[in-house]
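Enquirer: Have a look at this one.
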Amino acid sequence: MKKVLLSVFVGMLCACPMASHAEGIKAGDQMVSVFLGGAAPLQDSNISAQDVLGATAGTEKLDWGGSAVSYGLQYMYSVTDSFAFGLEYMGNSFSDADYDQTLYVSPSEWAKASLESSMEVHNLMAAGRFTTNPDKDIRFYIPFGLGVAFSKATLDLEETLVLGGRPTHNSDSVSADNTSFAYYLGLGVEGNFSDQLMWGVEGRYSAFTMDYGKFDRSDYGKEDLSYFSLLFKLSYKF
């Protein structure tokens with residue numbers, strides 16, 4: 001997934017639409033942007049299947065989530081032609097990452113377990129950007145942000161145990177909320193549809209912290225997590 005997002009980002013940079021020779025970015029400009037895209041985790045959660053399922057499970061570390069849908073809203077004010085600052089909200093809904101295990105003894109005695117982990121991350125940021133060539137039709141910029149992440153981690157467990165041909169099903173779901181410092185740094189390109197309307201493509205590295213100790217497990221703790229996101233932006237300048 002990470003390689004796919006990176007390939008799409010590079011492809012978009014090479015296939016940007018032709019600009020309409022509208023005015024670039026000037027000091028005093030204000031911009032309101034909406035964006036939509038996807039994200040992928042860059043590491044695992046440091047929680048193993050064995051931690052949850054017991055000694056019979058493997059020690060493989062669980063991903064803290066699968067691919068995500070990313071979305072958000074941003075306001076920027078250009079202090080100079082190159083520097084702009086503002087506020088931003090960004091949400092990320094990471095899908096389930098799963099681990100499956102089957103223990104087979106006979107047709108009448110076997111067990112199957114499925115463990116899934118997912119994450120919701122919502123960021124409120126003080127955002128900024130440095131535009132390298134603000135007077136051009138096609139502009140490259142470095143976006144960055146500092147703020148707070150509100151995250152929610154969820155573990156879902158489904159088990160089936162068959163003894164003497166009789167199945168028993170069990171399911172459990174636990175979740176924990178956490179608030180932490182968060183930041184991002186990226187690279188973007190944008191152009192003009194008109195004097196006011198702009199398109200953009202942005203790749204970001206984002207980081208936050210999740211406290212898995214809130215699952216009431218003494219062997220869990222705080223984990224520094226990060227993800228790469230690819231965003232497609234539509235901006236209105238006034």
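The values are calculated or read from the model by the stated rules, or taken from the named source; none is laboratory data. Not measured: the values here are computed from a predicted model. Note that we place each Cβ from the backbone using ideal geometry, even for glycine, and neighbour counts take in every protein chain shown. Ligands, DNA and RNA are excluded from the accessible area calculation, which covers all protein heavy atoms including side chains. Shrake-Rupley method; radii C 1.70, N 1.55, O 1.52, S 1.80 Å.
Enquirer: Looking at (1) assigned to a strand (DSSP E or B); (2) over 25 Å from Phe232 (Cα atoms), can you tell me which one Val52 breaks?
Expert: If we test Val52 against (1) assigned to a strand (DSSP E or B); (2) over 25 Å from Phe232 (Cα atoms), just (1) comes out false.
Enquirer: Give me a count of the residues in the range 89-107 that are of a type in the set (Ser, Thr, Tyr) and either farther than 30 Å from Gly165 by Cα or touching a residue at least 40 places away in the same chain (Cβ under 8 Å) (or both).
Expert: Number of matching residues: 4.
Enquirer: For the range 24-34, indicate whether the set of residues that are within 18 Å of the chain's Cα centre (by Cα) and surrounded by 15 or more Cβ atoms within 10 Å (Cβ to Cβ) is non-empty.
Expert: There is no residue in the range 24-34 that is within 18 Å of the chain's Cα centre (by Cα) and surrounded by 15 or more Cβ atoms within 10 Å (Cβ to Cβ).
Enquirer: Among Gly65, Gly72, Gly38, Gly86, which is the only one that is part of a loop (DSSP other than H, G, I, E, B) and either surrounded by 17 or more Cβ atoms within 10 Å (Cβ to Cβ) or in contact (Cβ under 8 Å) with a residue 40 or more places away in the chain (or both)?
Expert: Working: Gly72 fails: part of a loop (DSSP other than H, G, I, E, B); Gly38 fails: part of a loop (DSSP other than H, G, I, E, B); Gly86 fails: part of a loop (DSSP other than H, G, I, E, B).
Matching residue, one of Gly65, Gly72, Gly38, Gly86: Gly65.
Enquirer: Looking at the range 6-22, which of the residues that are loosely packed, with under 14 Cβ neighbours inside 10 Å and closer than 21 Å to Asp195 by Cβ is modelled with the highest pLDDT?
Expert: Looking only at the range 6-22, we keep the residues that are loosely packed, with under 14 Cβ neighbours inside 10 Å, and these are 7, 10-11, 14-15, 17-18, 20-21.
With the extra rule that they be closer than 21 Å to Asp195 by Cβ, the set shrinks to 17-18, 20-21.
Values: Pro17: 47, Met18: 45, Ser20: 45, His21: 56.
Of everything passing the filter in the range 6-22, His21 is modelled with the highest pLDDT.
Enquirer: So in the range 218-232, with the set limited to residues that are in a loop (DSSP other than H, G, I, E, B) and open to solvent by 40 Å² or more (accessible area, probe 1.4 Å), which one is modelled with the lowest pLDDT?
Expert: Pass one, the range 218-232, residues in a loop (DSSP other than H, G, I, E, B): 218-221.
Keeping just the survivors that are open to solvent by 40 Å² or more (accessible area, probe 1.4 Å) gives 218-219.
Working: Ser218: 62, Asp219: 67.
Among residues in the range 218-232 that are in a loop (DSSP other than H, G, I, E, B) and open to solvent by 40 Å² or more (accessible area, probe 1.4 Å), the one modelled with the lowest pLDDT is Ser218.
Enquirer: Report whether or not Asp195 is charged (D, E, K, R) and free of Cβ contacts under 8 Å to residues at least 24 places away in the same chain. Walk me through it before giving the result.
Expert: Details: charged (D, E, K, R): yes; free of Cβ contacts under 8 Å to residues at least 24 places away in the same chain: no.
Answer is no for this residue.
Enquirer: Residues that are touching a residue at least 60 places away in the same chain (Cβ under 8 Å), farther than 22 Å from Phe144 by Cα and either open to solvent by 60 Å² or more (accessible area, probe 1.4 Å) or part of a strand (DSSP E or B) (or both): does the range 201-211 have at least one?
Expert: No: the range 201-211 contains no residue that is touching a residue at least 60 places away in the same chain (Cβ under 8 Å), farther than 22 Å from Phe144 by Cα and either open to solvent by 60 Å² or more (accessible area, probe 1.4 Å) or part of a strand (DSSP E or B) (or both).
Enquirer: Right, another one. Only residues that are within 22 Å of Phe232 (Cα to Cα), hydrophobic (A, V, I, L, M, F, W, C) and surrounded by fewer than 17 Cβ atoms within 10 Å (Cβ to Cβ): list them for the range 175-198, please.
Expert: Leu185, Leu187, Phe193, Leu197
Enquirer: Restricted to the range 46-62, and to residues that are surrounded by 18 or more Cβ atoms within 10 Å (Cβ to Cβ) and in contact with a helix residue (DSSP H, G or I) (Cβ under 7 Å, 6 or more places away or on another chain), which residue is modelled with the lowest pLDDT?
Expert: Looking at residues that are surrounded by 18 or more Cβ atoms within 10 Å (Cβ to Cβ) and in contact with a helix residue (DSSP H, G or I) (Cβ under 7 Å, 6 or more places away or on another chain), I get Ile47.
Enquirer: Among the candidates Asp156, Asp135, Asp96, Asp177, single out the residue that is outside any strand (DSSP E or B) and modelled with pLDDT under 95.
Expert: Asp135
Enquirer: When you look at Thr132, is it without any contact (Cβ under 8 Å) to a residue 60 or more places away in the chain, exposed (fewer than 15 other Cβ atoms within 10 Å of the Cβ) and out of contact with any Leu (no Cβ under 9 Å at 6 or more places or on another chain), yes or no?
Expert: yes
Enquirer: So, one more: Say we look at the range 152-173 and pick out the residues that are closer than 30 Å to Arg204 by Cβ and hydrophobic (A, V, I, L, M, F, W, C); which of these is surrounded by the fewest Cβ atoms within 10 Å (Cβ to Cβ)?
Expert: Result: Leu155.
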